[in-house]
Amino acid sequence: MPLFIWRNLQLQLPDEWEMLRYDKDKSNGRCIYADRYQHRLELSWRVVSRPPELDKLLDDYKKKWAQEVETEIGESVKVAGWLGFLTTVAGEVHSHFLRYFPDEKTAIELIFLWPEERDKGEEREILTSFAMEPCVDGLRRWAAFGLDFLVSDDLDISYSRIEPGNAQLAFGILNEQGREERFERYAFLEDRLKEPLAAWLKHRLPRGVVQESVVDYTQVGHIITGITGKWYPNFFMRWLRRGKKFASYAWVCPVDKRLYYLHLIEDMTVTQSRAVGVRLACCDDILEVA
Amino acid sequence: MSGNAKPTAKRSASWRILLGSIPMRNEAAKEERHEDKSVRLVVELEKPLWYVPPVTWWMKEKPHHGWELGRLGSEVWDWCDDQRTVEQIIDLFNAQHGLRFHEGRVAVAQYLKMLAERRLLLLKPPTQTNDSPKGE
């Protein structure tokens, strides 16, 4: 089952389930996953200051659900450490689960929608797979929309654009103290990539970047083009020569034929090997070497 | 916890209807094919009252509307053969471009919407007795 990691929440879902809606807020939000015919799973999170009394919360939640939605409240269930209950809405069984993760002070709610019979095995497998993605050396892994990357944990998601075949996610803001990490993946290369990769990459340089070098190299059959340089927030900082390190890389993965792009603007030096395959990975081949 | 998550059964029902629908081409739409395989669709308008000699002496081309579909739109148009369902067209589109199902669904739905708004095709909904999206 493919792995999804959104914010600090990770779970494994059936191959056909895709994320259709997402919230970017770290403290409170919801994601919705669907198979090809309908929504199948709703994942909600909320950061709470102190541990909730789950039994009481569950009772309140049942009452609220019964009042607001025309539903029959069914039996209570406990699966793999999750407390839950069943409801029936318009003939469709929904299973609701709650759990509190103390390390992250986060309460999680999962609602499965079962258009046919409730699949207890699948439900258990998904609930068991749910975990909080740890932060390692200041980096946290995300995996969504075909992007699998590590982002600095102190940066918050600032931009997202998800379209058919295209996914763009950016973290951090480019103000005077700015840092930015951006990860992108594109399909329809006949339309998007009408020039050599180096020229395309050059056209993508963010405003304020002064290019210092261009590199071309091959990493496990992936031909990668990179640009390094300095980013200056304004002319004055450029005159003072107080810029930040900039690195961008782009390549077409020979496995999935998608164009991948990342750029990093930060204080630290990012080496080539740390960027491609570690900060952004396209396939298992490139992961193994990294 | 949140308590604001509403069931989505109503929304999913509409997906099934869309996916099981069959796009039917407007027979009045004539194709002009370009070298890059893209298609231009032309629909001749009813002859207006003013389209009489001497106007027709110098205006040889009959009044018409034309739409360039682009490469991807042309692919979708080609797959609309009055037989395939929307779901089957999405599967073809995804296989061609290596997309996930909902990526293709959004893209194909946009093209079909555009074509339907221009009355170049209409969507025939699945019949009551055959409500399976794949017609199984």
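Read-outs: derived from the displayed coordinates by stated rules, not from any lab. Being a predicted model, the structure only gives us computed values, none of them experimental. Don't worry about glycine lacking a Cβ; one is built from the backbone with ideal geometry, like all the others, and counts go over all protein chains shown.
A few remarks follow.
- Using θ = phi - 60° in the Karplus curve 6.51 cos²θ - 1.76 cosθ + 1.60, the 3J(HN,Hα) couplings for region A:4-16 round to 10, 10, 10, 6, 10, 10, 10, 7, 10, 10, x, 4, 7 Hz; x is entered for Gly and Pro.
- Stokes-Einstein D in µm²/s, Kirkwood radius over Cα pairs - region B:12-119 at 10 °C with 1.306 mPa s viscosity: 102 µm²/s
- Across A:LYS56/A:LYS105; A:LYS26/A:LYS63; A:LYS78/A:LYS120; B:LYS47/B:LYS124; A:LYS64/A:LYS120; A:LYS194/A:LYS244, pairs whose alpha-carbon gap is larger than 20 Å: A:LYS26/A:LYS63; B:LYS47/B:LYS124; A:LYS64/A:LYS120; A:LYS194/A:LYS244
- Dividing the alpha-carbon radius of gyration of region A:108-197 by the rule-of-thumb value 2.2 N^0.38 Å gives 1.48.
- Positive dipole terminus of region B:12-119, leading residue within B:VAL55, B:HIS34, B:GLN88 (C-beta point charges): B:VAL55
- Averaged over peptide A:59-69, the number of partner chain Cβ atoms lying within 10 Å of each residue's Cβ comes to 2.
- Equivalent ellipsoid semi-axes, region A:3-131, via Cα gyration tensor eigenvalues times 5, rooted, Å: 21, 19, 14
- Under the convention that each Lys and Arg Cβ holds +1 and each Asp and Glu Cβ holds -1, the size of the dipole of the protein assembly as shown around its Cα centre is about 1440 debye.
- Binning all Cα-Cα separations of region A:135-289 at 10 Å, short to long from zero, yields these whole-percent fractions: 11, 42, 37, 10, 1.
- Calculated mean residue ellipticity at 222 nm for chain A: -4500 deg cm²/dmol, from DSSP H runs with n ≥ 4 weighted as -39500 (n - 2.57), summed, divided by the residue count and rounded to 500.
- Qualifying aspartates and glutamates (Cα of each under 12 Å from Cα of B:LYS37; at least 8 residues distant if same chain): B:GLU68, B:GLU75, B:ASP78
- A simple count of charges around A:CYS135, restricted to other residues whose Cβ falls under 12 Å of its Cβ and scoring Lys, Arg +1 and Asp, Glu -1, yields -3.
- With a 10 Å cut-off around each Cβ of B:97-109, the average count of Cβ atoms from other chains is 6.
- Unit Cα scatterers, Debye sum, the protein assembly as shown: log10 I(q)/I(0) for q = 0.06, 0.10, 0.13 Å⁻¹: -0.35, -0.87, -1.20
- Between A:LEU13 and A:PHE4, the built amide H atoms are under 5 Å apart, and every one of these is 5 or more places off in sequence or on another chain.
- Rough spin-label spacing in nm, given labels placed 7 Å along Cα→Cβ, for B:ARG71 and A:VAL255: 2.5 nm
- Peptides ranked, highest mean first, by Cβ atoms within 10 Å: ranges A:183-190, A:114-121: A:183-190, A:114-121
- Counting Lys and Arg as +1 and Asp and Glu as -1 over every other residue whose Cβ lies under 14 Å from the Cβ of A:PRO196, the net charge comes to +2.
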